[in-house]
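Q: Next up is a structure, given as structure tokens.
Read the figures in this text as sums done on the coordinates, not as results from a lab. Computed from a predicted model, the values in this text were never measured in an experiment. Reconstructed Cβ throughout: ideal geometry from the backbone, glycine too, with neighbour counts over all protein chains shown.
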């Protein structure tokens, strides 16, 4: 655990601390899913300790017409990409079905592009019937994590753990029920921004993500 006022050195340090709290899941043969890009260094350390495969879970928001920052839903990558729509938001902005369908198609293309950057031609790992640990570097509002968990549920995993080093207390409360279990090392109050709790919160690059995924594959193959 980390103290409410204690800062994390960087994402790798956060991952090592989080991994310690997740050791009991090592015997469950879990898959670690990390939200790119910042969640990947955290997830890498978790996967390393648990001897688990590391995968990225790419989430692409469907924005409202002319107001892309206002989310109407999202497309989430996987062996079968999942669509999560907010019907109330869609009705509120009078977004036509043709627009939603076009945005879904556009985001699927972008997901495919990003997947090729991170995974090459390798297909995403299936999560059906598996213990899945969803990892990010922290949670402020929880919007992306909520969408990811809802989409993940549609793939029918056996057990879902949300694991983060630090999060806003209200966000953790709101996420209760979206996962079978939540492991969070600290919920400072007041909560301002995830980066406030890291001494080094430099942006994670695509190159770092690719390198960590490759290193994880090598570790898993060596241990199998």
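Q: Which order results if 85, 35 are arranged by neighbouring Cβ count within 10 Å, fewest first?
A: If I rank by nearby Cβ atoms, fewest first, I get 85, 35.
Q: Extension gain residue 174-residue 26, at 0.36 nm per residue separation less the Cα-Cα distance, in nm? Don't jump to the answer; show the numbers that get you there.
A: Working: separation 148, 0.36 × 148 = 53.28 nm, distance 2.72 nm.
Fully extending the segment from residue 174 to residue 26 adds 50.6 nm.
Q: Starting from the Kirkwood Rh over alpha-carbon pairs, what translational D in µm² s⁻¹ does the chain have by Stokes-Einstein at 25 °C and 0.890 mPa s?
A: It diffuses with D of about 138 µm²/s by this estimate.
Q: Would you mind checking the tilt of helix 97-119 against the longest principal axis of the Cα atoms of the chain, expressed as 0 to 90 degrees and rounded to 10?
A: 30
Q: Now, a different point. Mind pulling the angle between the C-alpha long axis of helix 11-21 and the longest principal axis of the chain? Nearest 10 degrees, somewhere in 0 to 90.
A: Between the helix axis and the principal axis of the chain, the angle is about 70 degrees.
Q: With no solvent and one equal point scatterer placed on each C-alpha of the stretch 59-119, evaluate the Debye formula and give log10 I(q)/I(0) for q = 0.13, 0.24 Å⁻¹, two decimals.
A: -0.33, -0.95
Q: Per 0.36 nm of contour for each residue apart, how much would the distance between residue 99 and residue 154 grow if the chain were fully extended, relative to their Cα-Cα spacing?
A: Difference between extended and current length: 17.4 nm.
Q: Using bins 5 angstrom wide from zero, how does P(r) for the stretch 41-80 break down, in % of all Cα pairs?
A: Whole-percent P(r) values from 0 Å outward: 6, 21, 16, 13, 14, 13, 10, 6, 2.
Q: A further question on this structure: Angle check, please: helix 206-223 long axis (alpha carbons) against the longest principal axis of the chain (alpha carbons), in degrees 0 to 90, nearest 10.
A: With rounding to tens, the tilt is 50 degrees.
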